[in-house]
1. Of everything in region 60-92 that's of a type outside the set (Gly, Ala, Ser) and out of contact with any strand residue (DSSP E or B) (no Cβ under 9 Å at 6 or more places or on another chain), which residue is nearest to Met1 (Cα to Cα)?
2. Which one is surrounded by the most Cβ atoms within 10 Å (Cβ to Cβ), of the residues in region 45-63 that are touching a Leu at 6+ places or on another chain (Cβ under 8 Å) and assigned to a strand (DSSP E or B)?
3. Tally the residues that are surrounded by fewer than 12 Cβ atoms within 10 Å (Cβ to Cβ) and acidic (Asp, Glu), restricting the search to region 64-92.
4. Look at region 45-92 and say how many of its residues are more than 15 Å from the chain's Cα centre (by Cα), closer than 16 Å to Ile26 by Cα and not basic (Lys, Arg).
5. Inside region 64-86, can you point out the residues that are assigned to a loop (DSSP other than H, G, I, E, B), in contact (Cβ under 8 Å) with a residue 60 or more places away in the chain and either closer than 16 Å to Ile23 by Cβ or touching a Leu at 6+ places or on another chain (Cβ under 8 Å) (or both)?
6. Hey, any hits in region 52-61 for a residue that's in contact (Cβ under 8 Å) with a residue 40 or more places away in the chain and polar (S, T, N, Q)?
7. Name, by its number, the condition in (1) hydrophobic (A, V, I, L, M, F, W, C); (2) part of a loop (DSSP other than H, G, I, E, B); (3) surrounded by 15 or more Cβ atoms within 10 Å (Cβ to Cβ) that does not hold for Val42.
8. If you go through region 1-39, how many residues are hydroxyl-bearing (Ser, Thr, Tyr) and either loosely packed, with under 14 Cβ neighbours inside 10 Å or not in a helix (DSSP H, G or I) (or both)?
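Read the figures in this text as sums done on the coordinates, not as results from a lab. Bear in mind that the values here come from a model prediction, so they are computed numbers and not experimental data. Methodologically, a virtual Cβ is constructed for each residue, glycine included, from the backbone with ideal geometry; neighbour enumeration extends over all protein chains shown.
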Amino acid sequence: MRIGVLTDSTCDLEPDFLRERGIEMIPLIVHFNENEIYKDVVEIEQERFFNKLIQVEKLPTTSQPSIGWFVEKFREMSEEFDAVICIHLAGT
């Protein structure tokens, strides 16, 4: 039985680490203001994020990934794996 692993960018693991282990990741959305919106890790890496963080007056916010991204990723992974384990940040 082939089992895939899916997480989101709150896992805070390096892209190379994920790639080497075949772990799939869905990015959270980072909002620095209304005009600066990035896919975490995909469009804004850690170093750039922290550089921007010290330059802004208002702290950035995050939002959950689109449910459509998960649906598409599950479809994609279902072609290769018999099951998928998802590890995500839980709400409080």
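1. Taking region 60-92 as the starting set, the residues that turn out to be of a type outside the set (Gly, Ala, Ser) are 60-62, 64-65, 67, 69-77, 79-82, 84-89, 92.
When the remaining residues are screened for being out of contact with any strand residue (DSSP E or B) (no Cβ under 9 Å at 6 or more places or on another chain), the result is 67, 71-72, 75, 79, 92.
Details: Ile67: 26, Val71: 22, Glu72: 22, Arg75: 17, Glu79: 13, Thr92: 34 Å.
For region 60-92, the residue satisfying everything is Glu79.
2. Within region 45-63, the first condition is being touching a Leu at 6+ places or on another chain (Cβ under 8 Å), and the residues that meet it are 53, 59-60, 62-63.
Restricting the remaining residues to those that are assigned to a strand (DSSP E or B) gives 62-63.
Numbers: Thr62: 14, Ser63: 10.
My answer is Thr62.
3. Number of matching residues: 3.
4. Initially, region 45-92 is screened for residues more than 15 Å from the chain's Cα centre (by Cα), giving 47-48, 50-60, 75-85, 91-92.
Subset that is closer than 16 Å to Ile26 by Cα: 75-78, 84-85.
Subsequent filtering for residues that are not basic (Lys, Arg) retains 76-78, 84-85.
Number satisfying all stated conditions: 5.
5. Residues of region 64-86 that are assigned to a loop (DSSP other than H, G, I, E, B), as a first pass: 64-66, 79-82.
Still in the list and also in contact (Cβ under 8 Å) with a residue 60 or more places away in the chain: 80-82.
Matches in region 64-86: Glu80, Phe81.
6. Of all residues in region 52-61, those in contact (Cβ under 8 Å) with a residue 40 or more places away in the chain come to none.
So far as region 52-61 goes, no, none of its residues is in contact (Cβ under 8 Å) with a residue 40 or more places away in the chain and polar (S, T, N, Q).
7. The number of the failed condition is (3).
8. Going through region 1-39 one residue at a time, the tally reaches 2.
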